[in-house]
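Shown next, in structure tokens, is the structure this report addresses.
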Amino acid sequence: MNRHERLRAAMHGGTPDRVPVSAWGHWYLREMSAESFAENMVEFQQRYDWDFCKLHPRASFHVEGFGFRHQPSSRADTVHETLHTPISTPEDWRKLRPLPLSTPALAEQLQAIDLIKRALGDAVPVIMTVFLPLDIAYKLSDKNGALLGEHIAADEAAVASALAVFTETFVPFIEEVVRRGVDGIYFSTKWANAHRLTEPQYRRLARPFDLAMIGAAKALPCNMLHLCEDGIYLDALSDYPVAGFHWESQSKGNPSPGAALKRLPATASVAGGVDPWTLAHGTPAEVRMKAQDAIRQADGRRFVLGPGCSILTAATPAANLQALRDSVGSQGKSA
């Protein structure tokens with residue numbers, strides 16, 4: 001099988017020749033321009049011969065056009081410093097307006113995709129990252145979950161108006177990403193868990209906007225939903241129209257890969273398996289043990305091996321990433 005066949009078989013209930021594998025994380029010093037970001041993604045892909053290239057751009061590209069400002073980090077292990085967020089009161093959400101694709105941060109990501117696709121060619125599947133609307137609101141509030149929660153409680157309609165603006169901005173963005181020839185979108189939400197909102201709250205506030213954004217990528221075969229943090233609402237979102245579901249399976253309150261496969265649709269897949277802490281601080285043997293246990297739980301099918309969340313790039317040894325890559329064996333390597 002080639003990489004495309006392997007990934008599609010794994011994500012759609014088929015039988016791949018082996019489990020596909022990849023990894024991703026933030027390189028803070030190399031994510032501030034289309035050129036440096038593209039170069040880094042290509043280098044990382046080629047160094048480890050991953051089965052797909054999961055693009056992991058700086059999170060703030062979603063919100064820079066709405067007035068969010070930051071100071072780029074000067075350290076590989078430190079996130080960028082926030083300088084300004086336009087959100088302080090519930091009424092601030094109502095002031096937002098949709099952004100055009102010419103917005104610099106959005107145009108930059110489209111340019112990066114073009115550069116990456118040109119460098120990798122057609123042999124490597126590419127999956128782009130896009131936050132879902134409530135996650136965009138979280139980032140625009142400078143990841144102040146308490147403040148966003150207070151605004152939802154005080155004026156849910158105001159927050160919903162912002163989610164509509166984010167959807168109106170990112171549906172055309174996703175459609176343009178699709179036209180650039182990617183194989184999937186990695187949709188991320190940090191709010192579909194027991195620590196943020198109740199399940200009924202999430203369904204009422206977030207679900208309609210989530211589905212509108214996911215629907216913009218419906219033509220792609222390898223869309224994935226990332227459920228961040230612990231206590232995830234997997235069952236509540238199990239009918240989202242994506243091919244794969246990804247989360248940190250070793251966090252408290254989250255299901256294991258094997259347990260989750262029994263709860264998801266028969267054509268859906270699970271991704272993850274090795275937690276970022278083990279990848280950063282464990283031994284290669286520990287990485288292989290966790291990877292192989294996850295593969296065993298899935299019986300080698302409907303499963304994509306990777307980190308449970310973003311790797312700690314500055315702290316993760318190359319030997320551990322190589323152990324992750326080698327955990328799936330050499331069959332089909334470089335195909």
Computed over all unlike Cα pairs, the Kirkwood hydrodynamic radius of the chain in Å stands at 20.0
Mind giving me the FRET efficiency for Gln46 and Asp17? R0 is 30 Å, r the Cβ-Cβ distance, nearest 0.05 is fine. 0.90
Exactly which trypsin sites (Lys or Arg not before Pro) in segment 41-80 are in a DSSP loop and have at most 10 other Cβ atoms within 10 Å? Arg75
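How big is the charge dipole of the chain about its Cα centre, in debye rounded to the nearest 20, if each Lys and Arg gets +1 on its Cβ and each Asp and Glu gets -1 on its Cβ? Walk me through the numbers on the way to the answer.
Numbers: 35 positive and 37 negative charges, 128 e Å.
Dipole size: approximately 620 debye.
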I'd like the FRET efficiency for Ala266 and Glu168, computed as 1/(1 + (r/R0)^6) with the beta carbon distance as r and R0 of 45 Å, rounded to 0.05. 0.85
Would you grab the residues whose amide H sits under 5 Å from the one on Cys53? Only those 5+ places off in sequence or on another chain, please, with H modelled 1.01 Å from N. Val126, Ile127
Backbone N under 18 Å from the Arg204 label point (7 Å along Cα→Cβ), restricted to segment 145-165: 148-164
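Based on the Cβ-Cβ distance of Glu35 and Leu101, what FRET efficiency does E = 1/(1 + (r/R0)^6) give at R0 = 22 Å, to the nearest 0.05? Don't skip to the end; give the middle numbers.
Details: r = 19 Å, r/R0 = 0.88.
Efficiency computed from Cβ-Cβ geometry: 0.70.
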In nm, to one decimal, how far is the Thr78 label point from the Asp114 one, both placed 7 Å along Cα→Cβ? 3.5
Beyond 25 Å (Cα-Cα) in this structure, taken from Lys117/Lys290; Lys143/Lys262; Lys117/Lys143; Lys54/Lys290; Lys54/Lys95; Lys54/Lys190, we find Lys117/Lys290; Lys143/Lys262; Lys117/Lys143; Lys54/Lys95
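What length, rounded to one decimal in nm, is gained on full extension from Asn2 through to Thr89, with 0.36 nm per residue of separation minus their alpha-carbon distance? Numbers along the way, then the final one.
Numbers: separation 87, 0.36 × 87 = 31.32 nm, distance 5.13 nm.
So the extension gain works out to 26.2 nm.
FYI, it's all coordinate maths here, none of it is from the lab. All of these numbers come straight from a predicted model, not from anything done at the bench. A quick note on method: Cβ atoms are made from the backbone with ideal geometry, for glycine too, and the neighbour counts reach across all protein chains shown.
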